[in-house]
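Right, one structure below, let's go through it.
Every number in this text was worked out from the coordinates using simple rules, so none of it is lab data. Bear in mind that the values here come from a model prediction, so they are computed numbers and not experimental data. Cβ: placed from backbone, ideal geometry, glycine included. Neighbour counts: every protein chain shown.
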Amino acid sequence: MTIENAREAVPGREFALLIMVEDELTVVRTSGLEPDVEWRLEAWARASNAVFAEPQETDELRAQPLLFKGRSLGVLIALAAADQPFSDDERELLSAFADEAAIALANAHLFQTLLESATQDSLTGLPNRREFERLLARELERSARYGEIFSLALIDLDEFKELNDTKGHAAGDALLRQAAATIQAVGRASDVAGRLGGDEFALLLPETNQFEAAALCERLRAELETLTGVSLSWGVAEYPMHGANASRLLRTADAAMYASKPRLVGGERALPRRRG
């Protein structure tokens with residue numbers, strides 16, 4: 001409720017709440033900001049050493065540290081609207097609200113909830129894009145150190161938009177939860193599944209070559225079709241054969257996934273040959 005309360009305390013402003021996740025200030029709540037704005041705020045806050053100690057203000061924002069008993073719990077950022085700089089009254093309100101928010105954040109349960117929301121997709125319970133990319137970076141480092149391989153699979157649900165449009169978002173949400181559960185059930189305990197956004201999922205498969213990964217994706221497709229009647233498209237990239245960094249592996253798997261999507265041939269659906 002921190003963001004909602006902030007908007008009530010200082011109406012007309014947009015807000016972002018940042019807390020420490022893996023030793024980095026990370027956006028965990030906003031008033032509806034676009035992802036690129038969130039990333040810019042994170043970059044700005046991480047580069048500002050003073051942001052924990054005292055309020056910082058620019059033409060675009062005001063950052064209020066959330067301090068409790070001398071300990072910094074995070075930062076609340078209010079955005080300045082065009083040609084509407086912060087007034088003295090707003091600064092006082094933000095300061096008072098930050099004190100109250102810090103006390104609320106000191107509640108261990110609330111802080112843990114926010115921490116989990118920074119790494120977990122709220123609908124499926126899987127790691128979100130931010131957390132999956134962190135886990136991918138960790139696997140890259142581990143595999144490089146020990147000379148091992150792994151595979152990355154990208155998966156999305158065929159015709160998910162049509163289902164959402166015809167049966168509603170509740171049906172779409174139910175399908176996403178079912179897909180997440182199926183992905184976890186088909187994978188091994190060592191595999192890591194994540195939801196990257198929308199109907200796109202990812203699988204991190206340690207010590208797995210591209211052919212083993214492809215076989216797993218096909219089992220997953222068959223299982224999901226049996227349970228829901230909905231199919232999926234997938235693409236696989238193997239480290240280090242298809243790339244030695246995250247961006248290269250993601251691009252390769254994404255291109256393979258796109259190539260596997262159904263096409264219309266003569267008015268009929270035709271599945272192209274699957275490839276990783």
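Quick look at the values:
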| quantity | calculated |
| --- | --- |
| Residue of P127, P35, P262 that the Gaussian network model of the chain assigns the largest fluctuation, springs spanning Cα pairs under 10 Å | P35 |
| Trypsin sites (Lys or Arg not before Pro) restricted to region 36-132 and DSSP loop, no more than 13 other C-beta within 10 Å | K69 |
| Contour minus Cα-Cα distance for T226 and A106 (0.36 nm per residue) | 38.5 nm |
| Highest-MSF residue in the chain out of L18, L249, L61 [GNM, Cα springs under 10 Å] | L61 |
| Alpha-carbon centroids, region 189-263 and region 46-69: separation in whole Å | 41 Å |
| Burial ranking of peptide ranges 156-164, 213-221 (average Cβ count within 10 Å, highest at the top) | 213-221, 156-164 |
| Mean Kyte hydropathy of -0.5 or more with a Cα span along the axis of at least 24 Å, helices from DSSP in the chain | 88-105, 169-186, 210-228 |
| Label corresponding to volume of the Cα convex hull per residue in Å³ when calculated from the structure given, among (i) 169; (ii) 137; (iii) 182 | (i) |
| Calculated FRET efficiency for the pair A50/D88, C-beta based, R₀ 25 Å, to 0.05 | 0.75 |
| Total charge dipole magnitude, the chain, about the Cα centre, Cβ charges on Lys, Arg, Asp, Glu only, Debye to nearest 20 | 1140 debye |
| Per-residue [θ]222 nm for the chain (sum of -39500 (n - 2.57) over DSSP H runs n ≥ 4, rounded to 500) | -15000 deg cm²/dmol |
| Sites Y146 and A255 - FRET efficiency at Förster radius 35 Å, r taken between beta-carbons, to 0.05 | 0.80 |
| Theoretical FRET efficiency, 1/(1+(r/R0)^6), r = Cβ-Cβ of A96 and K167, R0 51 Å, to 0.05 | 0.60 |
